[in-house]
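Encoded as structure tokens, the structure appears first; notes follow it.
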Amino acid sequence: MNLTEIKSSLLRITSILLVLFVAACEKNEPGIDDSSFDRKAMLEFYADEMIVPAYSQTLSQIEDLQSKAQAFTALPDSLSLINIQQSWKSAIISWQEACAFNFGPAGEDGLRKSLPEEIATFPVSTSKVEDFVGSGNFNLNDFNRDARGFFAIEYLIFDETRSISELVQRFSEENRKSYLNALVENLKTRLMQVRDSWTSSYRSEFVNNAGTDAGSSTSMLYNEFVKSYEGAKNFKLGLPLGLRPGQTSVDATLCEALYSGYSFNIIKKHFEVMENIWRGGENELGFRAYLKQVTGGDALIATTESQINLIHNALDAISDQTPMKDEILINAAPYISLHTELQKNTKNFKSDLSSLIGIAITYSSGDGD
Amino acid sequence: MGIDVKSFIRNSFNKLAQPVNAAPFVSFRIVFGFLMAFSALRFVLLGWIEDHYTEPLFHFHYYGFDWIHAVSASWLYMIHILMILASIGIMTGYLFRVSSILLFLCFTYTELIDLTYYLNHYYFVSLICFWLMFIPTVDKHQKIPAWSIFIIKFQLTLVYLYAGLAKINYDWLIEALPLKIWLPAHDDLFLIGPLLTLPATAYVFSWFGMLYDCSIAFLLMYKPTRPFAYITVIVFHALTGFLFQIGVFPLVMIGATIIFFSDTWHENILKRIKALPLIKEVFVFSSSRDVKTKSIFSFALFKTFFVAYLLFQILFPWRYLLYPGNLFWTEEGYRFSWRVMLMEKAGDATFYVKDSKTGREGIVDNREFLNAHQEKQMSFQPDMILQFAHFLGEHYQRKGVNQPEVRAEVYVTLNARPSKLLIDPNKNLMLEKDTWKHKSWILAD
């Protein structure tokens, strides 16, 4: 190639580029705003309309639980027991709204585990709980997370093998009263720390970390959203249903909320919260809105929404009249099909979503030139 | 034919054996050693020894390297300290030969532990370290045989050129994908952020990237274009470094490409470096002896190997042509071919393990065995899917599952297209082996 040839080919390339540039500009001129998405606004929505209200709501339910626990332990009778049971049910449902934002103040930090591990571990070790009640010696900061939190409280106040009066009778034991009150207090403290951190400083840190790299708020929110979704599917459904390799049968003792018979209500609520996070509330300001602005997003929204409908159908096919732990021993099929539909939706919430939005999931991922 | 092949080869060998000014190699070596020390230190400080090597329960091995295992954390720390010391040896020229052998062995070993972390630039670094073991010591006349510099330039040229050729495809040039996905995600970048959301920007970046990669090595070789080309190198790599999570790669390329500069340019630079305090006391710039620079290249065996290496490097990246199907989808022949930042791909892989006696089938929770990075990489690469399937089969056999059958439902999205099944979801992967042959259980794109 001589110099003139080089020059002419350079000219050709430049003109091709120019034409492409102009063509691309023209095609997209009316919709320039369409291609940008205000991630900070999305984060503000999540912080102000979802995360902080969820923590506050849960905290006030726990405060209600505390007053009911105090009333019950002051004067154990069947009415005060039913009151605390009702309050616990409201609190555990409320907690579902708050259980998926496990970063920052609710994330792991040194010895502290993520908030759900700290306050909602199941199955509960009833022997540990009874030991602590028996001895009156316990430490709520140790590794015995299966002896505290929502489900240890549940174990103390629900027991279908005992009549209401028998259950009330058990609370003549002072140690049982004080363990119950200590667990509720501990629950309140943990929630309050997280809520206060959000309302004081973390909110601005969260909304201003508006990038898409690993460690950005969008990436953390997405990661925990997926983790919560998969956790619900794998641990609240998969394990009790015996769907893990190596499991040979249904294992009802692995159900969440074993004693209150409230497992299905919790699962249902958990999924509704997942859907709501994906949609971003009534005005759809969350991941769904983000998807609407990116290449291939509309197709994924359609796929996701049709799968969400199938999940709703599967949820509707399950009755909450019989507790999950009993129902899955008789007829596990509706629960298994719920698990299947949730499984089919994983890719929509997980790999497809993150790929289209272009968020980095992990540090050190990616190859480069 | 006008070309006499025999005399062409003989002339080439003679040229490659000729002693030339060592200055470009010496400054390359200093920069390369520095960057390697920095990179190894960064790796340790980021806690990646634990994250990458010691915490995962399972490692994906490279084909043919399943005998490589992760040693304990304390040994890995030792190896990284050795790597840093060896890099400093390369930089200063002190114990150069020992350093180069240590660096090659340590670096290549750590890279081979887990396929998850494969990066083209790690492969590049391994290759350069390999040649450093053979490149002769600079003699007292500041000379080095020409092949020493040639091989580095050759490798760099190939990296760029093949990266550029790989970009000549429909998605990259006509659809501006994946940049149309990647760029808007960085709309918060200082100054240029808002521009990145425009589709036109993705087109400009795509075309510029392709033209840049295809031509930059040649523009660096040609003296009149060199200064301009090097400025482009800095701008291009700085930009990609800011935009994407690619670690030290931009620095490595900005550093390595200085080898294209002239002897005088390098002599000037080295003069300035030597004028710095302490440098003369610490650095070894050349041997005091009259090293026989021709020695190793005069062996026929070495010459044969040298030519075989060049041919391998030129041909191996084209092996994908021997496989059916779309390379980006099947990834058969994708690695070790300088295909960098070329596609946006993600998958979701669900593994089912069936007891062949009872017929009971269980669903695996991948995160029980893999970290997020491993799961992400495995979920769209067939050979890794196969490895993980075999691991699961063996794991659950030990747990009492009878002759486990393992199948996987893998949905993959490529460049924002709706996700589709990557492999036959009914195939018992325990019966499949990883070979060089086409994997018939990969479904068509």
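So B:THR358 ticks every box in (1) over 30 Å from B:THR413 (Cα atoms); (2) outside the structural domain of B:VAL410 (by TED's automatic domain parsing); (3) β-branched (Val, Ile, Thr) but one. Which box is left unticked?
Here B:THR358 clears every test but (2).
Tally time: how many residues in region A:230-277 are within 12 Å of chain B (Cβ to nearest Cβ) and not small (Gly, Ala, Ser)?
Applying the first criterion (within 12 Å of chain B (Cβ to nearest Cβ)) to region A:230-277 yields A:230-231, A:233-235, A:237-239, A:241-250.
Checking which are not small (Gly, Ala, Ser) leaves us with A:230, A:233-235, A:237, A:239, A:241, A:243-245, A:247-248, A:250.
Matching residues across region A:230-277 total 13.
Could you tell me how many of the residues in region B:58-83 are at negative phi, part of a loop (DSSP other than H, G, I, E, B) and not aromatic (Phe, Trp, Tyr)? Walk me through how you get there before you give the answer.
First, pick out the residues of region B:58-83 that are at negative phi: B:58-63, B:65-83.
Restricting the remaining residues to those that are part of a loop (DSSP other than H, G, I, E, B) gives B:58-63, B:65-72.
With not aromatic (Phe, Trp, Tyr) added as a condition, the list becomes B:59, B:61, B:66, B:68-72.
The number of residues fulfilling the criteria is 8.
Take region B:327-344 and flag every residue that is touching a strand residue (DSSP E or B) at 6+ places or on another chain (Cβ under 7 Å) and surrounded by fewer than 22 Cβ atoms within 10 Å (Cβ to Cβ). Spell out how you get there, then give the answer.
We begin by selecting, within region B:327-344, every residue touching a strand residue (DSSP E or B) at 6+ places or on another chain (Cβ under 7 Å); these are B:328-330, B:343.
Answer for region B:327-344, where residues must be touching a strand residue (DSSP E or B) at 6+ places or on another chain (Cβ under 7 Å) and surrounded by fewer than 22 Cβ atoms within 10 Å (Cβ to Cβ): B:PHE328, B:TRP329, B:MET343.
Quick check on B:LEU165: is it surrounded by fewer than 21 Cβ atoms within 10 Å (Cβ to Cβ) and among the hydrophobic types (A, V, I, L, M, F, W, C)? Step through it out loud before you land on a result.
Values: surrounded by fewer than 21 Cβ atoms within 10 Å (Cβ to Cβ): yes; among the hydrophobic types (A, V, I, L, M, F, W, C): yes.
In short, yes.
Looking at (1) in contact with a Pro (Cβ under 7 Å, 6 or more places away or on another chain); (2) over 19 Å from A:TYR222 (Cα atoms), which is the one condition that is false for A:CYS99?
(2)
Give me the residue from region B:317-343 that is part of a loop (DSSP other than H, G, I, E, B) and touching a Gly at 6+ places or on another chain (Cβ under 7 Å) and, out of that set, farthest from the other protein chains (Cβ to nearest Cβ). Working first, answer last.
Of region B:317-343, the ones part of a loop (DSSP other than H, G, I, E, B) are B:323-326, B:331-343.
In the following step, the residues that additionally are touching a Gly at 6+ places or on another chain (Cβ under 7 Å) were identified as B:323, B:340-341.
Details: B:TYR323: 21, B:VAL340: 4, B:MET341: 5 Å.
Ranking the qualifying residues of region B:317-343, first place goes to B:TYR323.
Sort out which residues of region B:1-29 are among the aromatic types (Phe, Trp, Tyr) and under 26 Å from the mean Cα position of the chain (by Cα), and write them in order of number. Spell out how you get there, then give the answer.
First, pick out the residues of region B:1-29 that are among the aromatic types (Phe, Trp, Tyr): B:8, B:13, B:25, B:28.
Selection gives B:PHE25, B:PHE28.
Can you give me the number of residues within region A:92-135 that are aliphatic (A, V, I, L, M) and assigned to a helix (DSSP H, G or I)?
Restricting attention to region A:92-135, the residues satisfying the condition of being aliphatic (A, V, I, L, M) are A:92-93, A:98, A:100, A:106, A:111, A:115, A:119-120, A:124, A:129, A:133.
Right, trim to assigned to a helix (DSSP H, G or I) and you get A:92-93, A:98, A:106, A:115, A:119, A:129, A:133.
Final tally of qualifying residues: 8.
Yes or no, residue by residue, for (1) more than 30 Å from B:ILE151 (Cβ to Cβ); (2) more than 10 Å from chain A (Cβ to nearest Cβ); (3) touching a Phe, Trp or Tyr at 6+ places or on another chain (Cβ under 6 Å):
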{"site": "B:ILE174", "(1), (2), (3)": "yes, no, no"}
{"site": "B:TRP182", "(1), (2), (3)": "yes, no, no"}
{"site": "B:ILE192", "(1), (2), (3)": "yes, yes, no"}
{"site": "B:ALA200", "(1), (2), (3)": "yes, no, yes"}
{"site": "B:LEU211", "(1), (2), (3)": "no, no, no"}
{"site": "B:ILE216", "(1), (2), (3)": "no, yes, yes"}
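Collect the residues in region B:347-400 that are away from every other protein chain (no Cβ under 11 Å), closer than 19 Å to A:ASN234 by Cβ and assigned to a loop (DSSP other than H, G, I, E, B), keeping them in residue-number order.
Within region B:347-400, B:PHE369, B:LEU370 qualify.
If you check A:ILE311 against the conditions, is it of a type in the set (A, V, I, L, M, F, W, C), under 15 Å from A:LYS268 (Cβ atoms), touching a residue at least 40 places away in the same chain (Cβ under 8 Å) and part of a loop (DSSP other than H, G, I, E, B)?
no
Take the conditions in the same structural domain as B:SER39 (by TED's automatic domain parsing), part of a helix (DSSP H, G or I), closer than 17 Å to B:ARG29 by Cβ and in contact (Cβ under 8 Å) with a residue 60 or more places away in the chain and apply them to B:ILE254. Does it pass?
Values: in the same structural domain as B:SER39 (by TED's automatic domain parsing): yes; part of a helix (DSSP H, G or I): yes; closer than 17 Å to B:ARG29 by Cβ: yes; in contact (Cβ under 8 Å) with a residue 60 or more places away in the chain: no.
No, not satisfied.
Between A:SER35, A:SER60, A:SER8, which is more than 24 Å from the chain's Cα centre (by Cα), of a type outside the set (Lys, Arg), modelled with pLDDT of 50 or more and surrounded by fewer than 16 Cβ atoms within 10 Å (Cβ to Cβ)?
Numbers: A:SER35 fails: surrounded by fewer than 16 Cβ atoms within 10 Å (Cβ to Cβ); A:SER60 fails: more than 24 Å from the chain's Cα centre (by Cα).
On inspection, the qualifying residue turns out to be A:SER8.
Criterion first (buried (at least 21 other Cβ atoms within 10 Å of the Cβ) and under 17 Å from the mean Cα position of the chain (by Cα)) does A:TYR179 satisfy it?
Values: buried (at least 21 other Cβ atoms within 10 Å of the Cβ): yes; under 17 Å from the mean Cα position of the chain (by Cα): no.
Criteria not met by A:TYR179.
Any residue at all in region B:262-284 that is touching a strand residue (DSSP E or B) at 6+ places or on another chain (Cβ under 9 Å), of a type outside the set (Ser, Thr, Tyr), farther than 30 Å from B:ILE181 by Cβ and surrounded by fewer than 18 Cβ atoms within 10 Å (Cβ to Cβ)?
yes
Any idea which of B:LEU421, B:LEU392, B:LEU443 is modelled with pLDDT of 95 or more and under 19 Å from B:THR358 (Cβ atoms)?
Numbers: B:LEU421 fails: under 19 Å from B:THR358 (Cβ atoms); B:LEU443 fails: under 19 Å from B:THR358 (Cβ atoms).
Residue meeting the stated conditions: B:LEU392.
Going by what's in this entry, would B:PHE32 be described as surrounded by 12 or more Cβ atoms within 10 Å (Cβ to Cβ) and under 20 Å from the mean Cα position of the chain (by Cα)?
The answer is yes for B:PHE32.
Among A:THR121, A:THR126, which is under 30 Å from A:ASN276 (Cα atoms), in the same structural domain as A:MET192 (by TED's automatic domain parsing) and free of Cβ contacts under 8 Å to residues at least 40 places away in the same chain? Spell out how you get there, then give the answer.
Working: A:THR126 fails: under 30 Å from A:ASN276 (Cα atoms).
Testing whether each residue is under 30 Å from A:ASN276 (Cα atoms), in the same structural domain as A:MET192 (by TED's automatic domain parsing) and free of Cβ contacts under 8 Å to residues at least 40 places away in the same chain leaves just A:THR121.
Results for (1) in the same structural domain as A:SER60 (by TED's automatic domain parsing); (2) farther than 24 Å from A:ALA147 by Cα; (3) of a type outside the set (D, E, K, R); (4) within 21 Å of the chain's Cα centre (by Cα), shown as yes or no for each residue.
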{"position": "A:ASN175", "(1), (2), (3), (4)": "yes, no, yes, no"}
{"position": "A:ASP196", "(1), (2), (3), (4)": "yes, yes, no, yes"}
{"position": "A:LEU221", "(1), (2), (3), (4)": "no, yes, yes, yes"}
{"position": "A:TYR229", "(1), (2), (3), (4)": "no, yes, yes, yes"}
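Here is a list: B:PHE150, B:PHE190, B:PHE208. Which entry is surrounded by fewer than 17 Cβ atoms within 10 Å (Cβ to Cβ) and in contact (Cβ under 8 Å) with a residue 60 or more places away in the chain? Can you show your working first?
On the way: B:PHE190 fails: in contact (Cβ under 8 Å) with a residue 60 or more places away in the chain; B:PHE208 fails: in contact (Cβ under 8 Å) with a residue 60 or more places away in the chain.
Matching residue, one of B:PHE150, B:PHE190, B:PHE208: B:PHE150.
Suppose we filter B:VAL5, B:VAL20 for residues that are of a type in the set (Val, Ile, Thr) and buried (at least 16 other Cβ atoms within 10 Å of the Cβ); which single one remains? So that I can check it myself, show each step before the final result.
Working: B:VAL5 fails: buried (at least 16 other Cβ atoms within 10 Å of the Cβ).
Unique residue meeting the criteria: B:VAL20.
Restricting attention to region A:203-219, and to residues there that are buried (at least 20 other Cβ atoms within 10 Å of the Cβ) and part of a helix (DSSP H, G or I), which single residue is farthest from the other protein chains (Cβ to nearest Cβ)?
Among them, the one singled out is A:PHE206.
Return yes or no: is B:VAL307 surrounded by fewer than 16 Cβ atoms within 10 Å (Cβ to Cβ) and either without any contact (Cβ under 8 Å) to a residue 40 or more places away in the chain or of a type in the set (A, V, I, L, M, F, W, C) (or both)? Write out each step before concluding.
Numbers: surrounded by fewer than 16 Cβ atoms within 10 Å (Cβ to Cβ): yes; either without any contact (Cβ under 8 Å) to a residue 40 or more places away in the chain or of a type in the set (A, V, I, L, M, F, W, C) (or both): yes.
Here the answer is yes, as B:VAL307 does meet what is asked.
When region A:247-293 is examined, which residues are found to be hydroxyl-bearing (Ser, Thr, Tyr) and assigned to a helix (DSSP H, G or I)? Spell out the reasoning first.
Initial filter on region A:247-293 (hydroxyl-bearing (Ser, Thr, Tyr)): A:248-249, A:253, A:259-260, A:262-263, A:290.
A:THR253, A:SER263, A:TYR290 - these are the residues of region A:247-293 that are hydroxyl-bearing (Ser, Thr, Tyr) and assigned to a helix (DSSP H, G or I).
Pull up region B:35-57, narrow it to residues that are in a loop (DSSP other than H, G, I, E, B), at negative phi and surrounded by fewer than 17 Cβ atoms within 10 Å (Cβ to Cβ), then point me to the one that is farthest from the other protein chains (Cβ to nearest Cβ). Please lay out each step first, then the result.
Start the filter on region B:35-57 by keeping residues that are in a loop (DSSP other than H, G, I, E, B), which leaves B:46-47, B:55-57.
Then keep just the ones that are at negative phi; that gives B:46, B:55-57.
This time we only want the ones that are surrounded by fewer than 17 Cβ atoms within 10 Å (Cβ to Cβ), so: B:46, B:55, B:57.
Working: B:LEU46: 7, B:GLU55: 13, B:LEU57: 15 Å.
Ranking the qualifying residues of region B:35-57, first place goes to B:LEU57.
Among A:ALA47, A:ALA69, A:ALA41, which is under 16 Å from A:LEU180 (Cβ atoms) and touching a residue at least 12 places away in the same chain (Cβ under 8 Å)?
On the way: A:ALA47 fails: under 16 Å from A:LEU180 (Cβ atoms); A:ALA41 fails: under 16 Å from A:LEU180 (Cβ atoms).
Step by step, each of A:ALA47, A:ALA69, A:ALA41 is checked, and only A:ALA69 is under 16 Å from A:LEU180 (Cβ atoms) and touching a residue at least 12 places away in the same chain (Cβ under 8 Å).
The values are calculated or read from the model by the stated rules, or taken from the named source; none is laboratory data. All values derive from a computational prediction rather than experimental measurement. Neighbour counts are summed over all protein chains in view; Cβ atoms, including those assigned to glycine, are modelled from backbone coordinates with ideal geometry.
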